[in-house]
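Taking it in order: structure first as structure tokens, then the write-up.
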Amino acid sequence: MRLDPDTQARRLGIFARTFARGSLAETLDAVASHGLSLVQLNLVSTGRPTLPDVQSVEECREIRRAHDERGITIAAVSGTFNLLDPDRSLRERNLDRLEILASRVSDLGCSLITLCTGTLHSENMWEGHPDNSLRETWDDLLMMVTRIAAIGDRHAVTFAFEPEGRNVVDSVEKARRLLDQVGSSRIRVVLDPANLLHALSLPRRHAIVEKAIETLGPDIALVHAKEIAADGSTGEVTPGRGVIDFAHLFRLLRKALPTIPIILHGLKEAYVPEALDHLRAALESAETTDTFERGGVTFRYRESGEGLPVVYQHGLGGDLMVPWGLYSPHRGIRLISFDARYHGETRPANDPDSLSFATLADDLLALLDRLKVEKAVVGGISMGAGLALNFAIRYPERTLGLILTRPAWLDEPFPENVRMFSVMADHVRRLGPVEGHAEFRQSPTYAQVLHESTDSASALDGMFLQPRVEETVDKYDRIPHDCPSRDRSDWKRIAVPTLVLANHQDPIHPWVMGEVLAVSIPGAELRELTPKCVDIAKHGEDMQRHMNDFLHRHFHTGRAD
């Protein structure tokens with residue numbers, strides 16, 4: 001099912017409270033200024049308490065009018081309070097207030113109220129308590145949620161609780177259990193993948209999210225888009241700067257729950273534009289990825305745009321989203337990328353003998369045949385550059401141009417990389433990704449990389465946190481031991497426009513490799529990038545400028561800016 005852009009826009013919203021303004025009108029104006037038409041509303045944004053003692057029809061209709069005037073829909077209203085507050089009198093008062101809210105929520109144009117399942121902590125509903133796991137605590141929660149389900153029946157309202165790490169329902173399994181025991185269609189779930197993960201589980205994050213959607217399925221009423229950092233903390237991490245794979249999440253939702261609202265929260269207003277850019281790109285990716293098969297392997301690929309075919313491939317340990325983060329193609333370009341074998345969501349990873357540049361290039365050939373692309377500009381970063389070089393040498397009749405970004409291979413393996421990646425693979429095999437990462441960070445190998453480039457060290461950290469890292473660890477042994485070509489005379493036969501992009505202060509991708517390739521490939525252009533460890537934004541700007549200029553001059557695409 002492919003959703004039109006309008007439908008996609010209506011799916012993505014934000015917590016209205018992200019914008020601290022003096023009035024509801026100003027808050028909604030801020031929401032609309034970001035191109036959003038969906039919110040989760042806490043009545044605090046209207047100057048009222050989350051759970052009111054009194055709520056008139058007129059007040060609710062006034063709130064709804066303010067939203068309608070700006071084309072904004074209320075996806076859900078927050079009704080959060082501690083369902084297991086040790087102060088039972090306060091708990092009962094809040095239950096009465098929840099019913100008041102439920103009786104008026106339809107006047108807001110909404111039928112969903114969100115909840116948390118609570119804790120026995122007496123001061124903070126987001127803090128854990130040793131007795132949260134007791135049987136009597138569960139029974140107390142079951143009684144409360146059953147009463148809330150009855151409120152839902154009386155007012156035709158649905159309630160959705162959110163599994164939280166320090167609440168009684170702190171897992172997908174407990175959420176499923178509560179849903180089944182209550183047995184009411186008035187009780188559903190808010191899914192926030194960040195709440196299901198912690199530092200030790202990050203390498204399994206894809207499988208955990210897949211299991212959550214499989215287990216909870218149509219009982220999911222709302223999705224929260226919150227990020228989690230590489231150390232397992234949430235805080236105010238901007239989506240795209242942590243480890244949640246939102247494109248993967250949105251692909252799962254596309255299949256299981258294609259119209260479910262997705263609400264951004266948990267960050268400061270200043271980071272909203274960056275977060276929305278990332279989430280919109282992830283939604284677009286979910287709608288534009290597909291698969292092809294070769295030799296029993298199912299590859300995931302993505303393409304967008306129309307015009308000159310440009311295949312740009314990720315590096316070792318990356319996936320097909322990397323090119324879209326590095327390069328925004330101008331008009332007249334059809335950008336294509338795929339998850340290389342043993343990477344991303346390409347499966348199965350069951351043949352380590354297939355891990356060679358020649359096989360990777362043959363996989364690319366199969367994709368071009370699938371897409372009926374006769375010739376393409378081929379390129380990539382690091383391993384992707386090696387793949388592109390091999391392809392250009394072996395399939396010149398299918399190659400229009402060549403872009404080699406931060407190459408890490410010449411006509412023989414780079415000894416330092418072979419050693420480093422072999423050490424990483426050994427750590428994963430012996431200790432697993434979490435303990436292996438901790439030990440690797442204490443090694444002289446890591447210390448040397450960190451000394452030369454904090455960005456390169458960060459990239460190595462990320463490789464330990466990849467989903468499926470134990471399953472796909474062979475790539476760190478096999479590919480560094482290979483090389484795109486064993487004979488430099490092969491390079492001299494390349495007869496297409498070639499761009500080589502390299503930078504200094506990069507121990508994994510030394511400047512000299514770019515220099516050697518640029519001298520050896522006839523007519524190749526060498527351009528320098530600002531090192532990422534110096535200025536990551538400038539690095540991206542350099543890439544964008546040089547690639548656009550190269551494609552514009554040689555293939556007359558778009559503008560050279």
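For THR73, nonlocal amide neighbours, meaning residues 5 or more places apart or on other chains whose placed amide H falls under 5 Å from its own, are LEU38, VAL39.
Accessible surface of ASP319, taken over heavy atoms with a 1.4 Å probe and every protein chain present, rounds to 30 Å².
Separation of the stretch 119-189 and the stretch 245-287, taken as the distance between their Cα centroids, equals 26 angstrom.
The angle between the Cα long axis of helix 172-182 and the longest principal axis of the Cα atoms of the chain comes to about 30 degrees, rounded to the nearest 10. Backbone geometry of the stretch 497-502 corresponds, through the Karplus equation with coefficients 6.51, -1.76 and 1.60 at θ = phi - 60°, to 3J(HN,Hα) couplings of x, 10, 10, 10, 10, 9 Hz, x marking Gly and Pro.
Legend: Rg and Dmax of the stretch 1-157, from Cα coordinates, 17.2, 50 Å. In plain terms, the chain from ASP68 to GLN448 could stretch by 131.0 nm, reckoned as 0.36 nm per residue minus the Cα-Cα distance.
What order do you get for 187-200, 461-474, 291-304, 120-133 when each peptide is scored by the mean count of other beta carbon atoms within 10 Å, highest first?
187-200, 461-474, 291-304, 120-133
The packing ranking of peptides 389-395, 378-384, 45-51, highest mean first, is 378-384, 389-395, 45-51, where packing means the average number of other beta carbon atoms within 10 angstrom of each residue.
Calculated on the alpha-carbon coordinates, the convex hull of the chain measures out at 156 cubic angstrom per residue. Once backbone amide H atoms are built at 1.01 Å from N, ALA160 has ILE113, THR114, LEU115, ARG188 as its partners under 5 Å, excluding neighbours fewer than 5 places away on the same chain. Every helix of 4 or more DSSP H residues in the chain counts as -39500 (n - 2.57), and over all residues that averages to -13500 deg cm²/dmol at 222 nm. The peptide list 58-64, 11-17, put in order of mean Cβ contacts within 10 Å with the highest first, becomes 11-17, 58-64. Cβ-Cβ distance of ARG241 and VAL57, R₀ of 45 Å, FRET efficiency by 1/(1 + (r/R0)^6): the value works out to about 0.55. For LEU450, the accessible surface of its heavy atoms amounts to roughly 80 Å² (probe 1.4 Å, protein chains only, rounded to the nearest 10). Using a probe of 1.4 angstrom and keeping all protein chains present, the accessible surface of the chain works out to 40 square angstrom per residue. Annotation: the stretch 319-474 has a Kirkwood hydrodynamic radius of 17.1 angstrom, from the mean reciprocal C-alpha pair distance. One decimal place: the segment LYS268-ARG429 gains 54.0 nm when fully extended, by the rule 0.36 nm per residue minus the C-alpha distance.
Here the dipole of the chain is about 1000 debye; that uses its Cα centre as origin and unit charges on the Cβ of Lys and Arg (positive) and Asp and Glu (negative).
In a simple Cβ point-charge model (Lys, Arg +1; Asp, Glu -1; nothing else charged), the stretch 181-320 has a dipole of about 400 debye relative to its Cα centre. Legend: Rg and Dmax of the stretch 406-561, from Cα coordinates, 17.6, 52 Å. Simple point charges give the picture: +1 on the Cβ of Lys and Arg, -1 on the Cβ of Asp and Glu, and for the stretch 1-152 a dipole about the Cα centre of about 440 debye. Calculated over the stretch 217-297, the projected area of the Cα convex hull averaged across directions stands at 6.9 nm². With point charges of +1 on the Cβ of Lys and Arg and -1 on the Cβ of Asp and Glu, referenced to the Cα centre of the chain, which listed residue (SER458, LEU308, VAL31) lies farthest in the positive direction of the dipole? Towards the positive end, the residue furthest out is LEU308. In order along the stretch 16-24, the phi-based Karplus estimate (6.51 cos²θ - 1.76 cosθ + 1.60, θ = phi - 60°) of 3J(HN,Hα) comes to 4, 5, 4, 9, 8, 10, x, 8, 4 Hz; Gly and Pro are listed as x. Computed 3J(HN,Hα) for the stretch 208-217, one whole-Hz value per residue from the Karplus formula 6.51 cos²θ - 1.76 cosθ + 1.60 where θ = phi - 60°, is 5, 5, 4, 5, 4, 5, 5, 6, 9, x, glycine and proline marked x. Residues ARG398, ARG135, ARG254, sorted by accessible area with the largest first, give ARG135, ARG254, ARG398 [1.4 Å probe; ligands and nucleic acids excluded].
Between ARG553 and ASP290, the FRET efficiency estimated from the beta carbon spacing at R0 = 45 angstrom works out to 0.90. Of the accessible area of the chain, with the probe set at 1.4 angstrom, what percent is carbon plus sulfur? That fraction is 49 percent. Between LEU134 and ALA32, the simple label model (points 7 Å from Cα in the Cβ direction) yields a spacing of 5.2 nm. Computed from Cα positions, the angle between helix 536-555 and the longest principal axis of the chain comes to roughly 50 degrees. Please determine, in degrees from 0 to 90 and to the nearest 10, the orientation of helix 57-68 with respect to the longest principal axis defined by the Cα atoms of the chain, where the helix direction is its Cα long axis. That helix lies at roughly 20 degrees to the long axis. Return the FRET efficiency for the residue pair ASP277, ARG331: r is the Cβ-Cβ distance, R0 is 25 Å, and the value is rounded to the nearest 0.05. E(calc), rounded to 0.05, equals 0.85.
Roughly how large, in nm² to one decimal, is the mean projection of the convex hull of the alpha-carbon atoms in the stretch 74-141?
Orientation-averaged projected area of the Cα hull: 4.9 nm².
The values are calculated or read from the model by the stated rules, or taken from the named source; none is laboratory data. Keep in mind that this is a model prediction, so the values were computed, not measured. Positions of Cβ are backbone-derived with ideal geometry, glycine not excepted, and every protein chain shown enters the neighbour counts. Side chains are part of the model used for accessible areas, which takes the heavy atoms of the whole protein and leaves out ligands, DNA and RNA. Shrake-Rupley method; radii C 1.70, N 1.55, O 1.52, S 1.80 Å.
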